[in-house]
Amino acid sequence: MTVIVARTDTPESEAALSAGVAESRRRGEDLVVFNLDGVRLDPDDTVEGAPVSFEEPDPRDRDPVGSLLDTATRREASLIVIGLKRRSPTGKLLFGSMAQHVLLEANAPVLAVKAGAKPE
Amino acid sequence: MDQLQLLLEGFAGALTPMNLLWVLLGCLIGTAVGVLPGLGSSMAVALLLPMTFALDPTAAFILFAGVYFGGLFGDSTMGILMNTPGQASAIASTFEGHAMAKAGRAPQALAIAAIGAFLGGIVSAVAVTFAAPALAEFAANFGPAEFFALALLAFGAISSVVADSVVKGLTSLVLGLVLATVGVDPISGAERFTFGSMYLFDGVSLVVVVVGMLALGEVLKVATRIHRDPKPEQLGAPGSRKFLSKREFKDAAPAWARGAGIGLPFGVIPVGGAEVPTFLSYDVERRLDRRRRDPQFGKGAPRGLAGPEAAGNATTGMAMGALLALGLPVSATAAIMLAAFRQYGIQPGPLLFDTSADLVWPLLASFFIAMVVLLLINLPFAQLWAKLLLIPPPYLYAGIVVFCGLGIYATSPSMFDLLFFLGIGCLAFLMRRYAVPVAPLLIGMVLGPLAETSMRDALLGSNGDYSVFVAGPIPIVLYVLLLVVVAFKVRQVVVTRSRRDV
Amino acid sequence: MSTAPNAERGDAPRQLRGRGGLLVPLVVAIVCTLVVIGMVGMEVPPETTFPGPRFFPTILVVAGYALSILLVVHYLRHPDEEATETQYRTYSDWPAFAWVAGSFLAFAVLLDVLGWILAAGLLFWGVARGVGSKRPLFDVSVALLLSSLIYLVFAAGLGVTLPSGLLGGM
């Protein structure tokens, strides 16, 4: 079982990363960082002192969120951690929302974190 | 059932020993080229285009039908085994197909792909048989305004959908349209852009452009990267089980059906072929999979392979229907087929079913035959095809270039055309290098004359009144369709930017 | 395709790197200019009514110039990321390109003189060399074998006219 974090270069996702590290320590599970943009952002093999493995979506895939969910299935994720931006309901209605996509379609529990939130 | 009668007569025409040989040969060549890494089915058709001019039209088109579909079977074989799809339309089936192969289920994946391609192809062949004559009849009352709208729809759709940037798509389209204007203007008789060269009097040869764009440009691109890109790894361990179990078959069956259903309509929408419907089908299967108790996507889901495969072939088959009935090529491969028809002095379009019935029905019959042949040579032997990889790449690419030279020289034996061909190849290389799609150029070149003459005919008929373009209901419907496509593209661009909230 | 957020801020020596894409608008502009030259010199039959043979090309030229400006903007704003790879000096392997294109050029020019078998053999050998074959002598035999085979099948068998050239006189 693993904890998987959706990683981008936003402050929200930094918060998600911290939450993911804390959560994986608490559960004693491996941490997987999924780089949604296909670019690896963390140079080392550790994030905040915790060992992690990295995954990227296939660059030919048009739907990185789908790729995230597939990876979650493959790595048998017990938790998916995402950062969450505040958005207007109209915006979400018109253009859709990646976060909503994850929340609705994931088979594992999803932890959504706001920017600036500190675990503990 | 008129069509059934005609189709049966077509079978009688196609089932001669000689024609069967051409189908078989076409299927073998198509599969072989599709299987070879980096070579897609459109290149197979392009390379073969000049070769077939020594044959009579019926034999040539039967051969083409085999290559046309064979390439698709081959494209996905390599996608599954080596994660190198031969063509954009095979990408969607690569994801889960390759995952299955990695999990030691390569034979099952190949079987699912072959059966999916077979079913998609058969469904589309049936649809073409019954829908194409009706479509042709409907299009028979198209006037210049309608044809202009149709060409505009094709231009707009292909240049906005194929490329990641509309500007690049339109650039490619404009280059194609410019190439199409060279030569004697059919309406006024004025000589255009020949710069006094007698070689350009009849216009730029479509064969030269097609083969240069798709074959030479590709080889140049490969040559500049072959030592630098990481080599695709071949999967060593073949699966232990050889055949598909009944459960797997049942599992994939609904996906095949859905895929074929998604693929069919895209055959008449000019969005550059099977890429869009295959991804659509992949997405549908992926979303449905997540609702199941035991989601398979990511681990090698048979459905994720079955759907796109069936969709791809359904689109490709149906595209032949659009080509035959409307004269409208929806993809680069279809544009090459149109070039082949023209070379024989045959103009696909509404009148084809009346004027060349003796050619059309054997061609349609040979679709069915090609599908069966392809299933027979792909289902049990797909793994054997992978042995073609033993050809050293330098010989492979050298052979392709020699065949290009042969084809160009055979159709127009002059140094001018060979040099022009080299120029087109360099242009194609430049376009590929900087991610400018080549399909709009080919479509523009093929449909350019139709667009220009129908536009000018319409204006001549109306004494220069532009309202003639929106006078009838059909053009208006076509323009609305064009707007829908453009709106879809705009939404897509906005959505990918604003959807990100993670 | 995702663009790295910092890609636009290339430091000074890298300013020109990744700008090769500007060749595309250059080609488009050249083509448009040729069309303009062709339109100026075009002899239009006097009885031609609107829309004449210049009508459609005019639209294309306007569109072509507009697109090349947009392309310049595009390639300036999004330099080629692939060109920034450090392992090689250039992204493309230009010697390989030269071998392939050069062989074809030689083939086109020499075909009538050398004849099919020699010219096509030369083409095969040059391309194989460019794509990375390491056995030039062995390649010669493969090349001549293939070109002779093609000559047999297509010229003798299918009746395609291929020049016999030098070997024809023997």
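Each row is one residue, and each column tells you yes or no for (1) surrounded by fewer than 24 Cβ atoms within 10 Å (Cβ to Cβ); (2) of a type in the set (Lys, Arg); (3) in contact with a Ser or Thr (Cβ under 8 Å, 6 or more places away or on another chain).
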site: B:41; (1), (2), (3): no, no, yes
site: B:46; (1), (2), (3): no, no, no
site: B:51; (1), (2), (3): yes, no, no
site: B:58; (1), (2), (3): yes, no, no
site: B:61; (1), (2), (3): no, no, yes
site: B:67; (1), (2), (3): no, no, yes
site: B:73; (1), (2), (3): no, no, yes
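Checked against the criterion of being within 11 Å of chain B (Cβ to nearest Cβ), aliphatic (A, V, I, L, M) and assigned to a helix (DSSP H, G or I), the candidates A:102, A:113, A:81 yield just one match: A:102.
A Cβ distance below 9 Å, combined with a sequence gap of six or more or placement on separate chains, defines the contacts here; from the range B:474-502, residues that are at pLDDT 85 or above reach residues that are among the acidic types (Asp, Glu) in the pairs B:474/B:146; B:475/B:146; B:478/B:146.
Do we find that residue B:441 is in contact (Cβ under 8 Å) with a residue 24 or more places away in the chain and among the aliphatic types (A, V, I, L, M) in this structure? Lay out the reasoning, then the answer.
Details: in contact (Cβ under 8 Å) with a residue 24 or more places away in the chain: yes; among the aliphatic types (A, V, I, L, M): yes.
So residue B:441 passes the test.
Here residue A:33 meets each of (1) over 17 Å from residue B:295 (Cβ atoms); (2) away from chain B (no Cβ under 14 Å); (3) in a strand (DSSP E or B) with one exception, condition (2). When residue C:56 is tested against (1) at pLDDT below 90; (2) touching a Ser or Thr at 6+ places or on another chain (Cβ under 8 Å), just one condition goes unmet, and that condition is (1).
Residues in the range B:432-448 that are at the interface with chain C (Cβ under 10 Å from one of its Cβ atoms) and closer than 16 Å to residue C:56 by Cα: 2 in all. Consider residue B:332 carefully, then state whether it is away from every other protein chain (no Cβ under 14 Å), modelled with pLDDT under 90 and surrounded by 23 or more Cβ atoms within 10 Å (Cβ to Cβ). Considered against the rule, which asks whether it is away from every other protein chain (no Cβ under 14 Å), modelled with pLDDT under 90 and surrounded by 23 or more Cβ atoms within 10 Å (Cβ to Cβ), residue B:332 comes out as yes. Among the residues in the range B:308-321, are any out of contact with any Gly (no Cβ under 6 Å at 6 or more places or on another chain) and among the acidic types (Asp, Glu)? So far as the range B:308-321 goes, no, none of its residues is out of contact with any Gly (no Cβ under 6 Å at 6 or more places or on another chain) and among the acidic types (Asp, Glu).
Scan the range C:112-135 for residues that are of a type outside the set (Gly, Ala, Ser), more than 7 Å from every other protein chain (Cβ to nearest Cβ) and buried (at least 17 other Cβ atoms within 10 Å of the Cβ) and the total you get is 7.
Filtering the range B:252-279 to residues that are touching a Phe, Trp or Tyr at 6+ places or on another chain (Cβ under 8 Å), within 14 Å of chain A (Cβ to nearest Cβ) and not β-branched (Val, Ile, Thr) leaves only B:277.
Answer with yes or no whether residue B:290 is within 14 Å of chain A (Cβ to nearest Cβ) and touching a residue at least 12 places away in the same chain (Cβ under 8 Å). Before you say what the answer is, go through the steps one by one.
On the way: within 14 Å of chain A (Cβ to nearest Cβ): yes; touching a residue at least 12 places away in the same chain (Cβ under 8 Å): no.
Against the criterion (within 14 Å of chain A (Cβ to nearest Cβ) and touching a residue at least 12 places away in the same chain (Cβ under 8 Å)), residue B:290 does not qualify.
Could you tell me which residue of the range C:31-55 is farthest from the other protein chains (Cβ to nearest Cβ), considering only residues that are of a type in the set (Ser, Thr, Tyr) and not in a helix (DSSP H, G or I)?
Here is the first cut: in the range C:31-55, the residues of a type in the set (Ser, Thr, Tyr) are C:33, C:48-49.
Add one more test, that the residue is not in a helix (DSSP H, G or I), and what stays is C:48-49.
Numbers: C:48: 4, C:49: 7 Å.
Among those that are of a type in the set (Ser, Thr, Tyr) and not in a helix (DSSP H, G or I), it is C:49.
Here residue C:125 meets each of (1) more than 29 Å from residue B:221 (Cβ to Cβ); (2) touching a residue at least 12 places away in the same chain (Cβ under 8 Å); (3) part of a helix (DSSP H, G or I) with one exception, condition (1).
In this structure, does residue B:155 turn out to be outside any helix (DSSP H, G or I) and not β-branched (Val, Ile, Thr)? The answer is no for residue B:155.
Is there a residue in the range B:455-476 that is more than 30 Å from residue C:161 (Cβ to Cβ), more than 10 Å from every other protein chain (Cβ to nearest Cβ) and under 23 Å from the mean Cα position of the chain (by Cα)? Talk me through it step by step, then tell me what you get.
First, pick out the residues of the range B:455-476 that are more than 30 Å from residue C:161 (Cβ to Cβ): B:455-476.
This time we only want the ones that are more than 10 Å from every other protein chain (Cβ to nearest Cβ), so: B:461-462, B:465-476.
Among the residues that remain, those that are also under 23 Å from the mean Cα position of the chain (by Cα) are: none.
Among the residues of the range B:455-476, not one is more than 30 Å from residue C:161 (Cβ to Cβ), more than 10 Å from every other protein chain (Cβ to nearest Cβ) and under 23 Å from the mean Cα position of the chain (by Cα), which makes the answer no.
I'm checking my understanding of the structure. Among residues of the range B:388-418 that are more than 8 Å from every other protein chain (Cβ to nearest Cβ) and assigned to a loop (DSSP other than H, G, I, E, B), which one is farthest from residue C:118 (Cα to Cα)? Of everything passing the filter in the range B:388-418, B:391 is farthest from residue C:118 (Cα to Cα). Yes or no: the range B:80-87 includes at least one residue that is closer than 21 Å to residue B:162 by Cβ, of a type outside the set (Val, Ile, Thr) and assigned to a helix (DSSP H, G or I). Within the range B:80-87, not a single residue is closer than 21 Å to residue B:162 by Cβ, of a type outside the set (Val, Ile, Thr) and assigned to a helix (DSSP H, G or I).
What number of residues in the range B:120-149 are in a helix (DSSP H, G or I) and closer than 24 Å to residue B:364 by Cα?
So the first thing to find is which residues in the range B:120-149 are in a helix (DSSP H, G or I), and the list is B:120-139, B:144-149.
Filter again for closer than 24 Å to residue B:364 by Cα, leaving B:120-139.
So the count comes out to 20.
I want to confirm something. Restricting to the range A:1-20 and keeping residues that are among the aliphatic types (A, V, I, L, M) and part of a strand (DSSP E or B), which single residue is farthest from the other protein chains (Cβ to nearest Cβ)? Give the derivation first.
Step one: list which residues in the range A:1-20 are among the aliphatic types (A, V, I, L, M), which gives A:1, A:3-6, A:15-17, A:19.
Filter once more, keeping what is part of a strand (DSSP E or B): A:3-6.
Working: A:3: 16, A:4: 12, A:5: 10, A:6: 5 Å.
Restricting to residues being among the aliphatic types (A, V, I, L, M) and part of a strand (DSSP E or B), the top hit is A:3.
Checked against the criterion of being of a type in the set (A, V, I, L, M) and surrounded by fewer than 23 Cβ atoms within 10 Å (Cβ to Cβ), the candidates B:447, B:441, B:483 yield just one match: B:483. Within the range B:27-79, being in contact with a Pro (Cβ under 6 Å, 6 or more places away or on another chain) and polar (S, T, N, Q) holds for one residue alone: B:58.
State yes or no: is residue B:451 within 11 Å of chain C (Cβ to nearest Cβ), touching a Pro at 6+ places or on another chain (Cβ under 6 Å) and either within 12 Å of residue B:211 (Cα to Cα) or in a helix (DSSP H, G or I) (or both)? For residue B:451, the condition - within 11 Å of chain C (Cβ to nearest Cβ), touching a Pro at 6+ places or on another chain (Cβ under 6 Å) and either within 12 Å of residue B:211 (Cα to Cα) or in a helix (DSSP H, G or I) (or both) - is not met.
Filtering the range A:46-74 to residues that are of a type outside the set (Asp, Glu), part of a strand (DSSP E or B) and either in contact with a helix residue (DSSP H, G or I) (Cβ under 7 Å, 6 or more places away or on another chain) or facing chain B (nearest Cβ under 7 Å) (or both) leaves A:47, A:50. I'd like to verify a number: residues in the range C:136-146 that are surrounded by fewer than 16 Cβ atoms within 10 Å (Cβ to Cβ) and either closer than 15 Å to residue B:405 by Cα or touching a residue at least 40 places away in the same chain (Cβ under 8 Å) (or both), how many? Of the residues in that region, 0 qualify. Residues of the range B:370-399 that are surrounded by fewer than 24 Cβ atoms within 10 Å (Cβ to Cβ) and farther than 23 Å from residue B:244 by Cα: B:388, B:389, B:390, B:391, B:392, B:393, B:394, B:395, B:396, B:399.
The values are calculated or read from the model by the stated rules, or taken from the named source; none is laboratory data. Owing to the predicted nature of the structure, the values given are computational and were not obtained by experimental measurement. Virtual Cβ from ideal backbone geometry, glycine too; neighbours counted across all protein chains shown.
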